[in-house]
Amino acid sequence: MSNGFKVQDRFAEGAQYIGGKLLPGTSGNHHEVVNPATGETVLRYELAGADDVDAAVAAARAAFPGWSGATPGERSEAMHRFAAVLAGQADDFAYAESLQCGKPIKLSTEFDVPGTVDNAAFFAGAARHLEGKAAAEYDGDHTSYVRREAIGVVGSVAPWNYPLQMAAWKVLPAVAAGNTIVLKPAELTPLTSLMFAQAATEAGIPDGVINIVTGAGKDAGEHLVGHPDVVMTSFTGSTAVGKRVAEIATATVKRLHLELGGKAPFVVFDDADLEAAVHGAVAGSLINTGQDCTAATRAYVQRPLYDAFVRDVAALMETVRLGDPFDASTDLGPLISHAQRDRVAAFVERARGYAQVVTGGEAPGGDLADGAYYRPTLVAGAAQDSEIVQSEIFGPVLVVLPFDTDDEGIALANDTPYGLAASAWTRDLYRANRATREIQAGCVWVNDHIPILSEMPHGGYKASGFGKDMSAYSFEEYTQVKHVMYDNTAVARKDWHRTIFGDR
C-alpha cells in the first residue's frame with residue numbers, strides 16, 4: 001500500500017520543525033527510521049542537538065505572548081481548523097504511522113488517526129471552557145475570583161508506541177490553554193509528529209506555537225527538560241527514564257507531568273461471561289502488539305473459570321493473523337524493532353524455567369522472518385513474585401494466574417508497583433463496585449479493557465506517574481491558578497490592620 005508520498009522527499013529539508021519550518025538537525029549524528037515489518041530504511045536524517053532545542057524553545061517563547069493573549073474563541077477557531085486539516089489528511093497519517101511503527105493499517109485507520117482527530121476537536125471546544133471558581137464575596141468585604149492562565153513554554157517528550165496520539169495528547173491541551181510547546185518525539189518514530197505540526201501551520205496556528213525536535217534522549221531530551229525557559233515538562237515513557245526526567249526537572253523547579261509504565265491486571269470473577277472475558281483478554285493484551293502501557297498483561301481468573309479461560313484464550317490467540325501491516329486482513333504487526341522483539345523473547349525464554357508457555361513464545365519464520373514479529377503468547381503457572389508477572393514486558397504476552405476469593409483477586413491485582421489501568425469482569429454490580437473502588441489504578445474498566453475517550457482523563461497511580469492526559473482534567477497540568485481579590489469597602493484603615501498596629 002502507498003498513499004502517494006515518498007517519505008524521503010517529504011522530509012528532505014530535515015526532521016526538525018521549528019518556527020513553522022522543516023529544518024535539518026545540527027548534532028552531526030544521523031539516525032534511520034526503519035520499517036519494523038521489513039527492516040528497510042524509511043528515512044535517514046540528522047538528529048537534533050542542543051542548538052536545535054535552543055532554537056525551538058526560543059521560537060516557542062517568541063510565540064507565547066501572541067498565542068496566550070488570543071481570546072479563547074480565537075484559539076478555539078484555529079484548533080477547529082486544525083482538526084479539519086487532520087481529518088482531511090487521515091490517509092497520509094495512517095500510512096506514515098503504520099510505516100514507521102509496523103501497526104496494522106486497520107489499527108492506524110480505525111484507532112490512532114480518528115482518535116487524534118477527535119482529540120483535536122475536543123480541545124478546540126474545551127479551549128473556550130477553562131474553569132475557575134465563581135466570583136463571590138467570601139468574607140463580606142472583598143470580591144474574589146480565580147483566573148486560569150497559561151504557564152509558558154512546555155517541553156514534552158513522547159514515546160514510540162503511539163507517536164501520533166502521543167503528539168496530540170501532549171500538544172493539544174497545552175496549546176488550547178494558551179501555552180506554546182516544544183515536543184521531542186522518539187527518534188525511532190518522528191514522521192507523524194512532524195506531520196502533525198505541519199498540519200497545525202496549515203490550519204493557521206501561528207509559527208512557533210508547536211515545535212518538534214527529533215533527537216536522542218541523552219542530548220535533545222535532557223537539554224529540553226533542563227532548559228531554563230521551559231516551565232513545564234510532560235513525559236510519557238518508562239518509569240526508569242521518568243525518574244531521570246524528574247531528577248532534571250526538579251533541579252530547575254519545573255512543573256512535571258509523568259505518564260509511566262504499567263502492568264495492568266485483568267480480573268475475572270467466577271460469574272463473568274467467559275466468552276466476553278476471553279475476547280477481551282486477547283484484544284486487550286495484543287493491541288498494538290502489546291506495546292501499550294494499559295494493555296492487559298496479568299490475567300487473574302477465579303478458579304472455577306481458570307482452566308476454560310486458559311484453553312479458550314490460547315485457542316483464540318492461535319487464530320490471530322500476523323502479516324504485512326498494509327494488508328487489511330492483518331491482525332498483528334511486528335514489534336517496533338528487532339531489539340524490542342529480542343527483549344520480549346528473552347522474558348519468555350526465562351519464564352520457561354518456572355512456568356508453562358501455553359501458546360506462542362516464538363518468532364515466525366517464512367515471509368515474516370525479516371521483520372520484528374513475535375507470536376501471541378500465553379504463559380501460565382508463574383508465581384506472583386516472578387519476573388514475568390511483575391515486570392513490564394511491552395509485547396504480545398499475557399500471563400494468567402488463578403485466585404480463590406474476591407479478597408485474593410483484588411490483592412493480587414494491586415500487588416505491583418504500577419497503577420495505570422485495570423479491568424474487572426463480573427455480572428455482579430456489588431463485585432464491580434468493590435473492584436472499581438479498591439483496585440489502585442487511574443482507569444478501571446468493567447467488562448471491557450482498552451477503550452479511551454477524549455472526554456475522560458488518562459493517568460496513573462503509584463509508579464505509573466501522576467497528572468492527566470486528555471479531558472478537561474489535563475488543564476490542571478497546563479494552567480496556573482491565580483486568586484484575584486478586590487476590596488469592596490473603600491476604607492483606608494481595615495479592621496485587620498489592628499493586628500499589626502493600633503487598637504480596634
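Each reported figure results from applying straightforward, stated rules to the coordinates on display, with no laboratory input. As the structure is a computational prediction, the values presented were derived from the model and not from experiment. Cβ placement follows ideal geometry from the backbone for every residue including glycine, while neighbour counts extend to all protein chains displayed.
What is the pair-distance distribution P(r) of region 302-406, computed from all Cα-Cα distances in 10 Å bins starting at 0, with each bin given as a whole percent?
Cα pair-distance distribution for region 302-406, in percent: 14, 44, 31, 10, 1.
Projected area of the chain, taken from the Cα convex hull and averaged over every viewing direction, in nm²?
That works out to 27.3 nm², a quarter of the Cα hull's surface.
Of all the C-alpha pairs in region 22-88, what % are more than 14 Å from each other?
74
I need to check one value: relative contact order of region 264-446, counting alpha carbon pairs closer than 8 Å and at least 6 residues apart, in percent.
RCO, region 264-446: 29 percent.
For the pairs K184/K243; K218/K263; K21/K184; K243/K462; K218/K254, flag any whose C-alpha to C-alpha distance is greater than 22 Å.
Going by Cα-Cα distance, K218/K263 fall outside the 22 Å limit.
Please sort 117-124, 381-388, 343-350 by packing, taking for each peptide the average over its residues of neighbouring beta carbons within 10 angstrom, highest first.
117-124, 343-350, 381-388
Given the DSSP H assignment, sum -39500 (n - 2.57) over each helix run of at least 4 residues in the chain and divide by its residue total; what's the result at 222 nm in deg cm²/dmol, nearest 500?
Roughly -11000 deg cm²/dmol at 222 nm, from the helical runs in the chain.
Can you put S471, S329, S144 in order of Cβ neighbours within 10 angstrom, beginning with the fewest?
S329, S144, S471
Sequence gap at least 6, Cα distance under 8 Å: using those rules, report the relative contact order of region 298-384 to the nearest whole percent.
28
Search the structure for amide H atoms under 5 Å from the amide H of A48, placed 1.01 Å from N in the peptide plane, and list their residues when 5 or more places away or on another chain.
T214, G215, A216
Could you work out the equivalent-ellipsoid semi-axes for region 92-235, taking the square root of 5 times each eigenvalue of the Cα gyration tensor, largest first, in whole Å?
33, 19, 12
Could you tell me the distance between the Cα centroids of region 34-102 and region 159-202, to the nearest Å?
5
Just need the relative contact order of the chain here, percent rounded to a whole number, with Cα pairs under 8 Å and 6+ apart.
Once normalised by length, the contact order is 17 percent.
Between helix 72-88 and the chain, what is the angle of the helix's C-alpha long axis to the longest principal axis, kept within 0 to 90° and rounded to the nearest 10?
30
Translational diffusion coefficient, Stokes-Einstein: compute it for region 192-332 using the Kirkwood radius over C-alpha pairs as Rh, at 4 °C and 1.567 mPa s, and state it as an integer in µm² s⁻¹.
Translational D for this selection: 69 µm²/s.
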